[in-house]
Amino acid sequence: MKLGIVGLPNVGKSTLFNALTKAGAEAANYPFATIEPNIGVVAVPDERLEVLSKINNSERILPATIEFFDIAGLVKGASKGEGLGNQFLANIREVDSIVQVVRCFEDSNIIHVDGSVNPLRDIENINLELIFSDLDLVDKRLSRVEKQAKADKSLALEVEVLKKTKEVLEQGKAARSLDLSEEESKILKSYQLLSSKPIIYVANVSEDDIADDGASNKMVSEVREYAAKEGSDVVVISCEIESQIQALDDDEKELFLEELGLKSSGLDKLIRASYSLLGLISYLTSGPMETRAWTIKKGTKAPQAAGKIHTDFERGFIRAETVSYDDLVKSGSMNAAKEHGLVRSEGKDYVVQDGDVILFRFNV
């Protein structure tokens, strides 16, 4: 899973990225401190792995991971090349989803590229640049495909999809607002349109607004209202506080979060929201060698889930010996779970559930 962190310059993107990955990306108080996208791999927090590892005395734990791309600050006119915009926009096409960081705090010491803090204006500026860039791509593609369709009738549906997409984009609406059939959606996905990617808005707030999740911050309320209209999610984070949290060891983190009145870090909330946004779940494998989480789409059947481990597992799939995480933990071991009749033998039509602990049987 790849997520691109975007936003205007100096809204907290690189500070958030640093907190996520501890990679030390440059976070300077001037526009375009980030030119090339920084890439960091982040472990998905999953307390179940530690528990299963203890049950099976596993030698190592391998959590699921997310790749975060810290993409340089976009500005008005980016789709036309302003502020190296075309280069930055090309980087976003590679990601599965967009995390748009929006500044929701006042601080006279931190420059705002437009001279004042206005999150809705900032969101509109970024989203319009994505739409303009998509419109340029769709126009070029439509012109080419319409000519080809005169000789190749199989391209008729693609022409229709392009026309529908162009109409929506010209209205200033994102491509993800289109209501398309499954076949049409496959065609649209092949374009890698920026505005077709799902978005999570990160409202970057001051420490004072963290305890109540930004409820008393008018700017956060405006962002939530905007996101609700387009069916997007909002995660409230203080990027500065998160960078402090990540510098602490586990025991110190718990105390610090408690002092702030938080149950979990903003980064954990962001990762969970990302999973939900992309319709992802994790199934688990555990034994003496390792305990591991595997990321799959909701609705994935057992053979395809097995294929995440190795193609041979999918090709020679026989069955999936499956027990829910909760049942396994209550039983204390896989053998005990079997004795209690809690381990199921599932076939090729079984849809894997989040938290399933699975042993795949296969023969190639």
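The values are calculated or read from the model by the stated rules, or taken from the named source; none is laboratory data. From a predicted model like this one, the values you see are computed outputs, not experimental measurements. Note: ideal-geometry Cβ built from the backbone for every residue, glycine included; neighbour counts use all protein chains shown. These accessible areas exclude ligands, DNA and RNA; they are computed on the full protein's heavy atoms, side chains included. Shrake-Rupley method; radii C 1.70, N 1.55, O 1.52, S 1.80 Å.
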- Query: So what's the range 251-332 giving for Cα Rg divided by 2.2 N^0.38 Å, two decimals?
  - Reply: 1.44
- Message: Given the options LEU180, CYS104, ILE296, identify the residue whose Cα lies farthest towards the positive end of the charge dipole of the chain (+1 on Cβ of Lys, Arg; -1 on Cβ of Asp, Glu).
- Response: LEU180
- Kirkwood Rh (inverse of mean 1/r, distinct Cα pairs), the chain, angstrom: 22.7 Å
- So which of LYS166/LYS229; LYS301/LYS330; LYS150/LYS197; LYS13/LYS269; LYS166/LYS189 end up more than 19 Å apart, counting from Cα to Cα? LYS166/LYS229; LYS301/LYS330; LYS150/LYS197
- Quote the Stokes-Einstein diffusion coefficient, in whole µm² s⁻¹, for the range 174-270, based on the Kirkwood radius over alpha carbon pairs, a temperature of 37 °C and a viscosity of 0.692 mPa s. 211 µm²/s
- With only Lys, Arg, Asp and Glu charged, each at its Cβ (+1 for the first two, -1 for the last two), find how big the charge dipole of the range 128-191 is about the Cα centre; round to the nearest 20 debye. 200 debye
- Looks like the range 107-230, by Cα gyration tensor root eigenvalues a ≥ b ≥ c and the a/c under 1.5 rounded cutoff (else prolate when a/b is bigger than b/c, oblate otherwise), is prolate
- Of every Cα-Cα pair in the range 299-362, the percent that sits beyond 20 Å: 26 percent
- Roughly how many percent of the accessible protein surface of the chain is carbon and sulfur, given a 1.4 Å probe and a whole-percent answer? 48 percent
- Among residues other than GLY4 whose Cβ falls under 11 Å from its Cβ, what is the net charge (Lys/Arg +1, Asp/Glu -1)? 0
- Note on the structure: Result for the range 299-362: accessible area per residue, probe 1.4 angstrom, in square angstrom, of 55 Å²
- Message: Can you classify the range 128-191 as rounded, prolate or oblate using the Cα gyration tensor, where a ≥ b ≥ c are the square roots of its eigenvalues, rounded means a/c under 1.5, and otherwise it's prolate if a/b beats b/c and oblate if not?
- Response: oblate
